[in-house]
Amino acid sequence: MTGTTETAAVKAAAGAAAAPTPAPAPRPALLWRGATPWLFLLAPLGLLIVFTYAPIANMVAYSFTDWDGVSPELHYTGTENYAELFTRSELFEVFWVSGYYLAASVFQIVAALYFATILSFNVRFRNFFKGVLFFPYLINGVAIGFVFLYFFQDGGTLDSVLSLLGVETDRAWLSTPTSANTSLAAVSVWRYLGLNFVLFLGAIQSIPGELYEAAELDGANRWHQFRYIIAPGIKPVLSLTVILSISGSLSVFEIPYIMTGGATGTETFVIQTVKLAFQFNKTGLASAAAVVLLLIVLAVTWVQRRLAPDDKVDLV
């Protein structure tokens, strides 16, 4: 019996050895397989180069010229545009306006994180509140500008609501720099709160539910769960929202341009740059200003990443 078994094993081994090994794939097939991912990337890379990197390269090139945006001729002026920018202090004074939006972005992040934390738990009508918070971000910025322009005008919606509550006011909300910038920053918070809310909500929901169950078994309340589970788990997303908020505060354009056109002390650096290019026909100087703004945003982002690096979070 043992001999029969050994004979069968020998025959099986011999058959396996005699079986033909699969031939290696031909070289063209290997090349095609390696090139397939790059073929799928051709379209998005082409769009990115044509509509992002090529315009940036042209903007940098125009910043060294005196082009007016209309004439077919332009002359190389070296660094004269940058010298003019840094010797005219009034061109950078508009950055003080960004302080209103920066302060508003702090409130925006805190409010978005609060609502995302509350609605990540089992709360009644939470899907309804999610839609309410995210809906303003879906509305066109121009439409929002016109809606709130009527909202803040004399005798407008805000004054009518205040009068119904017994509060009489003769304030022109967009007539002074402080009240105008505060009002515009509030509109910006209303519009972009939903974006930060969705980012935080997605990050919170990606945290394993077993961690909350274990924390509840250990007697942790909601504050402890937020401090020791949610806050460390969403640190990368929190860093992203801070970067977006800072860069957005420095490059505000749509809301103040639609509602005030930069009047009453609400002019931002981007509005000023647009006026330089299209109102005063100084496209070269405007391009230099845009390059400076880009460098400022990149520098702020780099500093923020160095001060708060995205360390790998391991909650388990």
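The values are calculated or read from the model by the stated rules, or taken from the named source; none is laboratory data. Note that the coordinates shown come from a computational prediction; the quantities given were computed from them, not determined experimentally. With ideal geometry, Cβ positions are generated from the backbone for all residues, glycine too; neighbour counts draw on all protein chains shown. Keep in mind that these areas ignore ligands, DNA and RNA; they rest on the heavy atoms of the full protein, side chains included. Shrake-Rupley method; radii C 1.70, N 1.55, O 1.52, S 1.80 Å.
Put PHE253, PHE125 in order of accessible area, highest first, and with a 1.4 Å probe you get PHE125, PHE253.
Quick one: longest stretch of the chain between exposed loop trypsin sites (Lys or Arg not before Pro), exposed meaning at most 11 other C-beta atoms within 10 Å and loop per DSSP? List each step's numbers first, then the result.
Numbers: sites that count: ARG88, ARG124, LYS312.
My reading of the result: 125-311 is the longest stretch.
Where the accessible area of the chain is counted over protein heavy atoms with a 1.4 Å probe, how much of it, in %, is carbon and sulfur?
Values: 13420 of 19710 Å².
Whole-percent figure for carbon plus sulfur exposure: 68.
Summing Lys and Arg as +1 and Asp and Glu as -1 over all other residues whose Cβ lies under 11 Å from the Cβ of LYS282 gives a net charge of -2.
Within region 153-233, which GluC sites (Glu not before Pro) sit in a loop by DSSP and count at most 16 neighbouring Cβ atoms inside 10 Å? Before the final figure, lay out the partial values.
On the way: sites: GLU168, GLU210, GLU213, GLU216; in loops: GLU168.
Taking region 153-233 and a limit of 16 other Cβ atoms within 10 Å, the loop GluC sites (Glu not before Pro) found are GLU168.
Projecting the Cα atoms of GLY202, SER245, ALA286 onto the dipole axis of the chain, where Lys and Arg carry +1 and Asp and Glu carry -1 at the beta carbon, places GLY202 farthest toward the positive end.
Contour minus end-to-end for ARG306 and LEU217, with contour as 0.36 nm per residue of separation and end-to-end as the Cα-Cα distance? Write down the numbers at each step before the final one.
Values: separation 89, 0.36 × 89 = 32.04 nm, distance 3.76 nm.
Extending this stretch completely gives an extra 28.3 nm.
Distant-in-sequence amide contacts of THR65, defined by a placed amide H-H separation under 5 Å and a gap of 5 or more residues or a different chain, comprise THR77.
Provide the convex hull volume over Cα atoms per residue for region 79-307, in Å³.
Numbers: hull volume 35.0 nm³, N = 229.
It is 153 Å³ per residue.
The charge dipole of region 79-307, taken about its Cα centre with unit charges on the Cβ atoms of Lys, Arg (+1), Asp and Glu (-1) only, comes to about 500 debye. Separation of region 30-83 from region 152-176 is 48 Å, based on Cα centroids. Think of a 1.4 Å ball rolled over the protein heavy atoms: the chain then has 62 Å² of accessible area per residue.
Nearest 500 deg cm²/dmol is fine: what mean residue ellipticity at 222 nm does the chain get from its DSSP H runs of n ≥ 4 alone, each adding -39,500 (n - 2.57), divided by its residue count? Walk me through the numbers before you get to the answer.
Working: 15 runs with 214 residues, N = 316.
Mean residue ellipticity, 222 nm, calculated: -22000 deg cm²/dmol.
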